[in-house]
Every structure is written in C-alpha cells, then in structure tokens.
1. Which one of 153, 146, 161, 174 is more than 22 Å from residue 20 (Cβ to Cβ) and out of contact with any helix residue (DSSP H, G or I) (no Cβ under 8 Å at 6 or more places or on another chain)?
2. Evaluate the range 151-167: report whether one residue or more is surrounded by 20 or more Cβ atoms within 10 Å (Cβ to Cβ), out of contact with any strand residue (DSSP E or B) (no Cβ under 6 Å at 6 or more places or on another chain) and not assigned by TED's automatic domain parsing to the domain that holds residue 278.
3. Do we have any residue at all in the range 73-81 that's crowded, with 16+ Cβ neighbours inside 10 Å, at pLDDT 95 or above, outside any loop (DSSP other than H, G, I, E, B) and assigned by TED's automatic domain parsing to the domain that holds residue 205?
4. Within the range 110-125, can one find any residue that is closer than 22 Å to residue 30 by Cβ, at pLDDT 80 or above and either assigned by TED's automatic domain parsing to the domain that holds residue 32 or outside any helix (DSSP H, G or I) (or both)?
5. Let me spell it out: the conditions are (1) in contact (Cβ under 8 Å) with a residue 40 or more places away in the chain; (2) surrounded by fewer than 18 Cβ atoms within 10 Å (Cβ to Cβ); (3) within 13 Å of residue 273 (Cα to Cα), and residue 172 meets all of them except one. Which number is the exception?
6. For residue 116, work out the one condition from (1) within 28 Å of residue 166 (Cα to Cα); (2) surrounded by fewer than 18 Cβ atoms within 10 Å (Cβ to Cβ) it doesn't fulfil.
7. Do you know which residues across the range 23-44 are on the phi < 0 side of the Ramachandran plot, surrounded by fewer than 22 Cβ atoms within 10 Å (Cβ to Cβ) and not in a strand (DSSP E or B)?
C-alpha cells in the first residue's frame, strides 16, 4: 500500500516560487498497478520521486506499507528503501559489466556472502526471464515485453507498482487504476475501465482520444460536404458500449423496434484489460419521437447514447 497525503513540493530560486506539486493525496492499494499519466511538465516525475523521498516534499506525509517515510531518520530511510525499487527512464547500467555483475553490484554491501549473492542473482535473472543471458544487453527490446514482464512480476510477487507515463497505450496495457496529473494536481482518479468509459475532464478525454482516434472522425463530421448530407429528420449520434454489450445486435434491434434507419458511419473497439470498449457513430433517420425512445431503450441495456450533431 502506498499513501500520499497532501503532498506539496515547492521550489524557490531567486525569489521565484514554483509550486510543482500542489496538495496531492492518493491511495494505491496493495498489489495494485497504478498509472500516473500527464503531459510534459505536469509534475508526474517529481511526484513519483517523492514516493521514496528522492525528492523531499515541502509538506505532507508519505506511507509505504505501514511506514511513514517522511518521519524516518536518514539511516531508517536507507533501510526502508531496500524494499522499494525504482526504474529510471535512463537506467545507467555499467556497460563494462555483464547482466549478472550489474545485478550483483548493489548486493555487495548487503552482508550476503559471495555464494548467497550468486544464488540471489540467479533467482532474479530467472524471475525476469534473463537466466540464459551473459552480456550487458539487459533491456528488453520492446515496450510491450517490458509491460508484460512487469505484469507477470506483479502477479507472481504481489508487488505494488507505480508507473509514470504520457502514453495512454501503456496505461491500457497494464494498469488497474489511473491518476491524471495536471499542473501539479491529481485532477482525476479511478479504475481503468471507469477512466476509459467516463472521463470527466478535458485532459483525460485528450488522452483517451489518442487510443480511439475520435478526433479524426469528428474532423470528418465537421466537413461541409458531410453536414449537407444530413436531413432535418436525421440525427448523428455516438453510441458507447462496454463489455458484453459489444456482441449484441442492438443496431438491428432498434431499427426494427422503433421503425428507424440506423446507419453505421464509423466505429472502433479496443480491448482494455480483457474488457471490450467501443463506440459507433451512427446516423438515425425517422420520426424524432422514435429516435428519443431509442435513448431510453439503450440506457436500459447499459448502452450510452450521446448526440453529437443534430439539425
């Protein structure tokens, strides 16, 4: 468990005050993978460095497990950090050493014997699937392989993992919960499916758009030649569906049940943590009272309808 309570980080330079982190509170459950996502300069790197006190927060409290790190002495903090790992973007491996020697180096001051270190290195290499490697090429070749590895370790060891990123593709592959940071504040937080299906603020929606590419579709819908084809008795709408609803033939059902024509113009489905999430942009043609009935029908079946353009 990781708990951040009203964390603030202020930098002062030449009488200029910069509020990098502005009162962040966040609870990350034991064994959870939490993604902290934000654009450049949002404060995500500073926030994650505060977790193990590589950056000392100006105020606030940080708990990892049952320990309040912000109350520990330097010696106690060094001991606590032995149970907290951090992978930097630039990991600075010793290129002259093999994989085994890179892993063994920080264990030399742990009090373990040479044989114990050798055994521990072997165990760690086996855990991450590198037991057959004896070169300095430690990094997996693709982002996907790294994410798969982290997810596997999370399941095997029950580790709590915090990932900072500016890519929603990373979040959707691995995270259980998502915290969106903007201008030093956590502006939205929730489980992965909730964030993807019901984003509340613009910055979150901007990240979601990168997955579903909705912005390109809306650009097409705004073209004059497209608008001119929409009659007064027609409505353009976005239908959002989650989970098992993706397999239901609701388009043909609403056409028959409410005597309207429903033409699918665009659509997309993504698999988010084994849950299908998708949307359709459809053109609904018919009497307006029947079109309004469609909204109630879809709501009863846990399918959301949003009117995007109407005449």
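The values are calculated or read from the model by the stated rules, or taken from the named source; none is laboratory data. Computed from a prediction, not measured in an experiment: that's the story for all the values here. Every residue, glycine among them, receives a Cβ derived from its backbone with ideal geometry; neighbour counts consider all protein chains shown.
1. Residue meeting the stated conditions: 146.
2. No.
3. Checking the range 73-81: not a single residue is crowded, with 16+ Cβ neighbours inside 10 Å, at pLDDT 95 or above, outside any loop (DSSP other than H, G, I, E, B) and assigned by TED's automatic domain parsing to the domain that holds residue 205.
4. No, there is no match, as no residue in the range 110-125 is closer than 22 Å to residue 30 by Cβ, at pLDDT 80 or above and either assigned by TED's automatic domain parsing to the domain that holds residue 32 or outside any helix (DSSP H, G or I) (or both).
5. Every listed condition holds for residue 172 apart from (2).
6. Just one mismatch for residue 116, condition (1).
7. 29, 30, 32, 39, 40 - these are the residues of the range 23-44 that are on the phi < 0 side of the Ramachandran plot, surrounded by fewer than 22 Cβ atoms within 10 Å (Cβ to Cβ) and not in a strand (DSSP E or B).
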